[in-house]
1. Which of 46, 123, 58 sits farthest toward the positive end of the charge dipole of the range 20-123, with +1 on the Cβ of Lys and Arg and -1 on the Cβ of Asp and Glu?
2. Go through 37/78; 72/125; 77/118; 72/124 and tell me which ones have a Cα-Cα distance over 26 Å in this structure.
3. Which of the peptides 32-40, 111-119, 56-64 is most tightly packed, and how do the rest follow, judged by the mean count of other Cβ atoms within 10 Å per residue?
4. For the range 20-123, give the magnitude of the charge dipole about the Cα centre (Cβ charges: +1 Lys/Arg, -1 Asp/Glu; no others), in debye to the nearest 20.
Amino acid sequence: MKCPSIIFRLTDNEKGITPDHLKMNQYQQMKLGNRIKELRESQGLLQRELSADLEIDTPMFSKIERGERRAKREQVKKIAALLKANTQELLTLWLTDQVLEVVANEDQALQALKIAIKDIETNKKD
């Protein structure tokens, strides 16, 4: 009989994901989730209240807060409105989480981001 951790590792390895990779991505994605939780708790709101307004179930909202599930762009905008938060701040955290998920474990991450920044600045529409 196999122990659950071995089964977990085999399943993740089949997907090309190591347990360390999962931990790092979960930590990184918590930037938006932590901010949402902070705002929600400061206003005394429950997860079930916001999840109802977002038309998603409470476990799904909980996963967004914990960084286990990525919110959609439109959901982030709606969350910002519901929490009376700065939409640009939450969208920036949302995008940061996505960028980190892609580049965090790459050796050339910083070099690639520097090139991307230059490209964004060059092509920026004022």
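1. 46
2. Details: 37/78 15 Å; 72/125 24 Å; 77/118 28 Å; 72/124 24 Å.
The pairs that break the limit, which is 26 Å between Cα atoms, are 77/118.
3. Highest mean packing first, the order is 32-40, 56-64, 111-119.
4. Details: 17 positive and 17 negative charges, 42 e Å.
That gives a dipole near 200 debye.
The numbers here are math on the coordinates, done by the rules we state, and not lab data. What you see is a predicted model; the values in this text were computed from it and never measured. Glycine also receives a Cβ, built like all others from the backbone with ideal geometry; neighbour counts cover every protein chain displayed.
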